[in-house]
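Everything below concerns the one structure shown next.
The values are calculated or read from the model by the stated rules, or taken from the named source; none is laboratory data. Fair warning: this is a prediction, and the values are worked out from it, not measured in the lab. Reconstructed Cβ throughout: ideal geometry from the backbone, glycine too, with neighbour counts over all protein chains shown. Areas reflect the complete protein model, heavy atoms only, side chains present, ligands, DNA and RNA absent. Shrake-Rupley method; radii C 1.70, N 1.55, O 1.52, S 1.80 Å.
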Amino acid sequence: MNVRIVCVGKLKEKYLKDGIEEYAKRLSRFCKFEIVEVSEELLSDTSQKNIDNVKIAEGERIISKLKGYSIALDLKGKMLTSEELSAKISSLKQNGVSNLTFVIGGSYGLSPQVLDKCDFSLCFGAITYPHQLIRLVLTEQIYRAFMIEEGSAYHK
């Protein structure tokens, strides 16, 4: 299975890069894993119209990178336990899905167009994470999902 994360902006913090690299290395035994960054749109002012335009512009870039089954991270998405996420990924594999794409929006979230293109929306809880930190959290959860599928005690 090919697993990718499509996200907005460059990751700046070394500690986040290091954590993601560690989980990416661990994931290499289960899947081909990659992170695809699309450029972040600059915001001249925070009017709702400008925010919407930013989300649309970033969304067009995201949509061009979608492959296979796509899961958007969205506060309005469905909350799953780690075991349920593992079962979802396992089910997708069993149903012949070879490309799985997770999508993380920028500072202002995802455009409606991206949400419409995705097959599923996932929420990691009612709190808001910085979009750069959620990359690490998501990468760890993907690894955890594969470890649960394997029957490993890692997730306990």
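Would you please calculate the Kirkwood hydrodynamic radius of segment 68-156 over all C-alpha pairs and express it in Å, rounded to one decimal? Please list the in-between numbers first.
Numbers: mean 1/r = 0.0736 Å⁻¹.
It is 13.6 Å.
Output the antiparallel fraction of DSSP beta bridges having both residues in the chain, as a percent to the nearest 5. Provide the component values of the computation, followed by the final result.
Details: 1 of 23 bridges.
Percentage antiparallel, nearest 5: 5.
Provide the per residue accessible area, probe 1.4 Å, for segment 24-128, rounded to a whole number of square angstrom. Could the numbers behind the result be given before it?
Values: 5910 Å² over 105 residues.
On a per-residue basis, 56 Å².
For segment 16-74, which trypsin sites (Lys or Arg not before Pro) are both in a DSSP coil and crowded by at most 16 other Cβ atoms within 10 Å? Let's see the in-between values first.
On the way: sites: K17, K25, R26, R29, K32, K49, K55, R61, K65, K67; in loops: R29, K65, K67.
The qualifying sites are R29, K65, K67.
When only Cα pairs under 8 Å and 6 or more residues apart are kept, what is the percent relative contact order across the chain? Provide the component values of the computation, followed by the final result.
Details: 243 pairs, mean separation 51.2, N = 156.
Relative CO of the chain lands at 33 percent.
State the dimensionless ratio Rg/Rh of the chain (Rg: radius of gyration of Cα atoms; Rh: Kirkwood radius). Could you put the intermediate results ahead of the total?
Numbers: Rg = 15.3 Å, Rh = 15.9 Å.
We get a ratio of 0.96 for the chain.
Charges on Cβ only, +1 for Lys and Arg, -1 for Asp and Glu, centred on the Cα centroid of the chain; of G109, V36, M79, which one is farthest towards the dipole's positive end?
Result: V36, furthest along the dipole toward the positive end.
Roughly how many percent of the accessible protein surface of the chain is carbon and sulfur, given a 1.4 Å probe and a whole-percent answer? Walk me through the numbers on the way to the answer.
Numbers: 4190 of 8290 Å².
After summing per-atom areas, the C and S share lands at 51 percent.
Please identify the helices of the chain, taking whole runs of DSSP H, that span at least 24 Å along their own axis as judged from the Cα atoms and have a mean Kyte-Doolittle score of 0.0 or higher. Could the numbers behind the result be given before it?
Values: long enough: 133-150 (26 Å, 0.59).
TM-like helix candidates: 133-150.
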